[in-house]
Amino acid sequence: MNATAERVRLAASALRELFRDYPTDPDETSGAVVLTITATASGEQHRLELQPGQADWMRQLAEAEASSCHRAHPDQDGQCGHCNGTGKASANPTVQSATSYPGHATHFTEQVFALAAEAGLHPTSSKPYRGAWRIYLDAKAGPQSLCGSIMVGARSGRILRAQLVHDGGAKVANHTGAVQARQALVAYANSIGRRPCR
């Protein structure tokens, strides 16, 4: 393998790992965007499946890098376009919305957190522990009210599972994955007359 083809392979591998570990949308949107990287000399192709939010990442990264290049000119401020000169990842618009959480949170996870707040479940988050953190839920309407938790992968930011406790423990409902967790919260919000806006 020549040097150029190897660089293409490494770039494709890095992007594939990024898109796998940090989803931005629900699972069923995987493959909504297809990016193909080709080493022209060898014709070797690398096909990458992206979610729409990950396509936004690509655009934002390109814009930030262009800003860094522009700011590197002698008559500019020399600041990094990715962090706006702060040196902090939270200044990067691609992760700005997740900075209120103890670990990474995908856009879909953020939506579920907001949905829980709209449903009056007073969501709070725990510190990361053993590769995950939790969103604790409590309707705070007496011992029979809904409570529970949602587990989020600290690295991926994806909802792994949720457990909702109804009627003071008389009914415990377990939900696997982000979509099931969201559906359960929507059903609860509808049951108490709080139709979610998202």
**Item:** Inter-residue pairs, beta-carbon under 8 Å, first under 28 Å from residue 24 (Cα atoms) and in segment 60-79, second among the small types (Gly, Ala, Ser) and in a loop (DSSP other than H, G, I, E, B), 6+ apart
**Value:** 63/81; 64/81; 65/81; 66/81; 67/81; 68/81; 69/81; 79/85
**Prompt:** Residues in segment 1-39 that are among the polar types (S, T, N, Q), farther than 28 Å from residue 178 by Cβ and part of a loop (DSSP other than H, G, I, E, B): how many?
**Reply:** 1
**Message:** Step by step: first the residues of segment 153-172, then only those that are in contact (Cβ under 8 Å) with a residue 60 or more places away in the chain and small (Gly, Ala, Ser), then the one that is surrounded by the fewest Cβ atoms within 10 Å (Cβ to Cβ). Which residue is that?
**Reply:** 156
**Asked** Among (1) out of contact with any Ser or Thr (no Cβ under 8 Å at 6 or more places or on another chain); (2) over 13 Å from residue 121 (Cα atoms); (3) part of a loop (DSSP other than H, G, I, E, B), where does residue 181 come up short?
**Response** (3)
**Item:** Criterion: exposed (fewer than 13 other Cβ atoms within 10 Å of the Cβ) and more than 19 Å from residue 109 (Cβ to Cβ) - qualifying residue of 62, 39
**Value:** 62
**Message:** Against the condition at pLDDT 75 or above and either under 20 Å from residue 17 (Cα atoms) or outside any helix (DSSP H, G or I) (or both), how does residue 73 come out, does it pass?
**Reply:** yes
**Prompt:** Quick one: in segment 119-134, which of the residues that are of a type in the set (A, V, I, L, M, F, W, C) and in a loop (DSSP other than H, G, I, E, B) is nearest to residue 103 (Cα to Cα)?
**Reply:** 121
**Request:** Kindly establish whether residue 167 is among the acidic types (Asp, Glu) and at pLDDT 90 or above.
**Result:** no
**Request:** Would you check which residues across segment 140-151 are touching a helix residue (DSSP H, G or I) at 6+ places or on another chain (Cβ under 7 Å) and either assigned to a loop (DSSP other than H, G, I, E, B) or farther than 11 Å from residue 181 by Cα (or both) and list them?
**Result:** 143, 144, 146
**Asked** Just for segment 104-151: of the residues that are among the charged types (D, E, K, R) and over 16 Å from the mean Cα position of the chain (by Cα), which one is surrounded by the fewest Cβ atoms within 10 Å (Cβ to Cβ)?
**Response** 130
**Prompt:** Of all residues in segment 50-59, how many are outside any helix (DSSP H, G or I) and either touching a strand residue (DSSP E or B) at 6+ places or on another chain (Cβ under 6 Å) or without any contact (Cβ under 8 Å) to a residue 24 or more places away in the chain (or both)?
**Reply:** 1
**Fill in**
Across segment 122-145, the tally of residues that are hydroxyl-bearing (Ser, Thr, Tyr) and in contact with a Pro (Cβ under 6 Å, 6 or more places away or on another chain) stands at 1
**Item:** Any hit, segment 86-105, residues being modelled with pLDDT of 80 or more, touching a Leu at 6+ places or on another chain (Cβ under 9 Å) and not charged (D, E, K, R)
**Value:** no
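The values are calculated or read from the model by the stated rules, or taken from the named source; none is laboratory data. Not measured: the values here are computed from a predicted model. Here Cβ is always computed from backbone atoms with ideal geometry, including for glycine, and neighbour counts include all displayed protein chains.
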